[in-house]
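Engineer: Quick one: the structure is below, questions incoming.
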Amino acid sequence: MQTLRRKDILGLEEMSAEEITLILETARSMREIMQRKIKKVPTLRGRSILNLFYEPSTRTKASFELAQKYMSADSVSVAGASSSLTKGETLKDTVRNVEVMGVECVIMRHPVSGSAYYLAHNVEASVINAGDGMHEHPTQGLLDMFTIWEKKGRLEKLKVTIVGDIRHSRVARSNIWGLKKMGAEVVVAGPPTLMPPDLEVFGINFCSNVEDAVEDADVVMALRLQKERQESGLFPSLREYAELYGLNTQRLKKAKEDALIMHPGPMNRGIEITSELADGPNSVVLEQVTGGVAVRMALLYLLLGGTKEE
Amino acid sequence: MSNLLIKNGRLIDPLQELDGVTDLLLSGGLIEKIADKINPTVDTEIIEAEGLIITPGLIDMHVHLRDPGEEYKEDIISGALAAAAGGFTALAAMANTDPVCDDPSVVRYVMDRARDAVVKVYPIGAVTRGLNGKELAEMGRMKRAGAVAFSDDGKPVSGGLIMRNALQYASGLDCLIIAHEEDLSIAAGGVMHEGETSSTLGLRGIPSAAEEAMIARDLILLESVGGRIHVAHLSSAGSVELVRQAKEKGLKVTAEVTPHHLLLTDRAVKNSGYSTNTKVNPPLRSELDRQALWEGLFDGTIDAIASDHAPHHPDDKDVEFDFAPFGIAGLETTLSLLLDEAFSGRNKKFNLPLLVEKLSTAPARILNIPGGSLKPGCPADVTIIDPLRGMTVNPEKWYSKSMNTPFAGRRLMGAPVYTIVDGRVVMKEGVAADYSRIN
């Protein structure tokens, strides 16, 4: 398979291992472009893309925009606060209007799960889900896998431990689906109130004790803790969370010595992860960001740019 | 009013324990006679019903008509036409309109408008003023004006004390309270059933416990202060068990289930790609829950089937999942969905007499309204069903102003072919008589 036979990228649950492999391999050649002095190729010249961000985002939005610019696509970006959403226009009407301006691909971040499906069913343009509610964040999942794959040379049979608020995390869901498809073992840890109900459906194990969860892990990923979860009664205090579930050097002793430390950002330093770990030798937090641009270039190329032979 | 003779149909009337081919004569708006062979007189209109099924007029005891206030979604006239098209001769209209039906004047408004409706419309009054959950509505005065039951449906009565007072007060007037059972603090703003599917879809879940905890509370209150409760739209196995135990104790409790909870699970949300037509409250639950609902129906724990017809304008549903209102419109699909289930053989215990019991006999008994039987002297409310008539669910052709159904496109076997109210044919072969336009 040399091209993605799909219109949209909505989630990794529906994506095959072959497709993921194609994207990761393509991302590798895209990263090579990023290392050039002149980071610009004409691949998507004349193609039009809309970045529609109904939720605040720094790195995902910048990452997509740079990917588009490096590939010479024309793009416009609309942020939630300045969009017609605040004037009461429906999402469908907003996008239809933009579509008739000639947009071929819409990158959307939205606070409601499933909104990327809703959009994809209502427009002819390709839709890339840049995070929909608590559902999926497929490009983040792909960039995390890309980072692990680059560092470890494989994904198969690696043990990846994800610590934190799995229940509300689209990043966790995409990582779980993607990593499982690629043959990795996934263990999640954190307070039970932050775990999704019936989590067996993901084919993963839960361990309430972080020290046990990270035992022999090849990768340990911390998730961002939303402070408002405390207000909704899901855990008692940030202090207790940091003490019981926060990642620190001591807590990671049972992990493999060369275990990668990951975080999708932005980090609450001192809560879900200590600076010592986040900035330490095993941390690949910044590599994740670089990989993000490469993965997004790969996706745009595969969706809009045609086949590898071109 | 001429006589109407329905000949050679299979007549099913659970109340009289009748199930056999016979003739049925309607005269003067009442059931006149059931006999093997009835000879027509000169002024008798005849419906040849060989191969068809004759049942007491079906009663939908849980319908939202949106009138007054949101007539663009549905009004009393369009809702009644939809009911007739779906084989119902009567319906009970919930109180969560705008203004809320919490006052005799709104009860009378509904009854006045219902005079132009093709089926009988019974108003349900609110339990609390403005559904505010704080002060009791004037149940006694509303009952005198014509309200047949009381419910804040759409919302639970969250406060335990006000529910206790409502039950105790209503017991003195022999008023039925229909309870929407949902602990909102446990439901926590969820949008679908909490379980495997909500986990993978990333949608906020409503645990079964939100319903069960409230049912448990209300049954305890019922036991302590008396009264009558009808539990609306049961959705979980635990709820069925709670009602079962309460019935065993002899409490005055009845319960209903909707066709969509009997036929669908939360997988429908996923399989439909987040279609907001699968967003309903209480939510579609797990397969285990679904099976338990059928068991409850078979063993008598669940007395009735009601559509919980909750019409919404297409624009209201054509939004992101979280933003869509809850509700499935069911007046025009309920009977055919159940007939299809009965005829398909998928559910061996589900047969036509049971269907008639749950859709006609029981609702009439619970609401204490006329109908529910073909006994001579009863109102001539009759539904005639063609078991061999196929139908495809096509909301674009509905009489209802809404289109929100997860069953669109589904091919079903069995459909109502005549709806007869007080001896007058108000629907024939899918075409309803619109009196509001004639008058």
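Engineer: Give the range B:228-255 a look and list any residue that's open to solvent by less than 20 Å² (accessible area, probe 1.4 Å) and in contact (Cβ under 8 Å) with a residue 60 or more places away in the chain, or say none.
Structural biologist: Listed by number, the residues that qualify are B:I229, B:H230, B:A232, B:H233, B:L234, B:V240.
Engineer: Only one of (1) assigned to a helix (DSSP H, G or I); (2) aliphatic (A, V, I, L, M); (3) free of Cβ contacts under 8 Å to residues at least 40 places away in the same chain; (4) farther than 25 Å from B:V269 by Cα fails for A:L155. Which number is that?
Structural biologist: (1)
Engineer: Of B:R424, B:R437, which residue is of a type in the set (D, E, K, R) and either modelled with pLDDT under 95 or at positive phi (or both)?
Structural biologist: The match here is B:R437.
Engineer: Would you list the helices (runs of 4 or more DSSP H) that sit entirely within the range A:225-310 and hold 3 or more residues that are touching a residue at least 12 places away in the same chain (Cβ under 8 Å), under 30 Å from A:S48 (Cα atoms) and of a type in the set (V, I, T)?
Structural biologist: A:285-300
Engineer: Does A:V127 meet the test of being touching a residue at least 24 places away in the same chain (Cβ under 8 Å), under 22 Å from the mean Cα position of the chain (by Cα) and open to solvent by 50 Å² or more (accessible area, probe 1.4 Å)?
Structural biologist: No: the conditions fail for A:V127.
Engineer: Further question: Considering only residues that are within 14 Å of chain B (Cβ to nearest Cβ), in contact with a helix residue (DSSP H, G or I) (Cβ under 7 Å, 6 or more places away or on another chain) and surrounded by fewer than 23 Cβ atoms within 10 Å (Cβ to Cβ), look in the range A:100-124 and name the one that is nearest to B:V319 (Cα to Cα).
Structural biologist: Only one residue tops the list, namely A:N122.
Engineer: Filter the range B:248-275 down to the residues that are farther than 14 Å from B:A304 by Cβ and touching a strand residue (DSSP E or B) at 6+ places or on another chain (Cβ under 6 Å), then identify the one that is nearest to the other protein chains (Cβ to nearest Cβ).
Structural biologist: Here the answer is B:V269.
Engineer: While we're here: Of everything in the range A:1-47 that's β-branched (V, I, T) and part of a loop (DSSP other than H, G, I, E, B), which residue is farthest from the chain's Cα centre (by Cα)?
Structural biologist: Of everything passing the filter in the range A:1-47, A:I38 is farthest from the chain's Cα centre (by Cα).
Engineer: Considering only the range A:14-43, how many residues are closer than 17 Å to A:R154 by Cα, surrounded by 17 or more Cβ atoms within 10 Å (Cβ to Cβ) and aliphatic (A, V, I, L, M)?
Structural biologist: Total satisfying the criteria: 5.
Engineer: Assuming A:S237 fulfils every condition listed in (1) modelled with pLDDT under 95; (2) surrounded by 13 or more Cβ atoms within 10 Å (Cβ to Cβ); (3) within 30 Å of B:I186 (Cα to Cα) apart from one, which condition is it?
Structural biologist: (2)
Table: residues versus (1) within 14 Å of chain A (Cβ to nearest Cβ); (2) closer than 30 Å to B:G273 by Cβ.
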position: B:Q168; (1), (2): no, no
position: B:V191; (1), (2): yes, yes
position: B:E194; (1), (2): yes, yes
position: B:L203; (1), (2): yes, yes
position: B:H233; (1), (2): no, yes
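The values are calculated or read from the model by the stated rules, or taken from the named source; none is laboratory data. Just so we're clear, the structure is a prediction, and the values are computed from it rather than from any experiment. So basically every Cβ, Gly included, is an ideal-geometry build from the backbone, and we count neighbours across all protein chains shown. Keep in mind that these areas ignore ligands, DNA and RNA; they rest on the heavy atoms of the full protein, side chains included. Shrake-Rupley method; radii C 1.70, N 1.55, O 1.52, S 1.80 Å.
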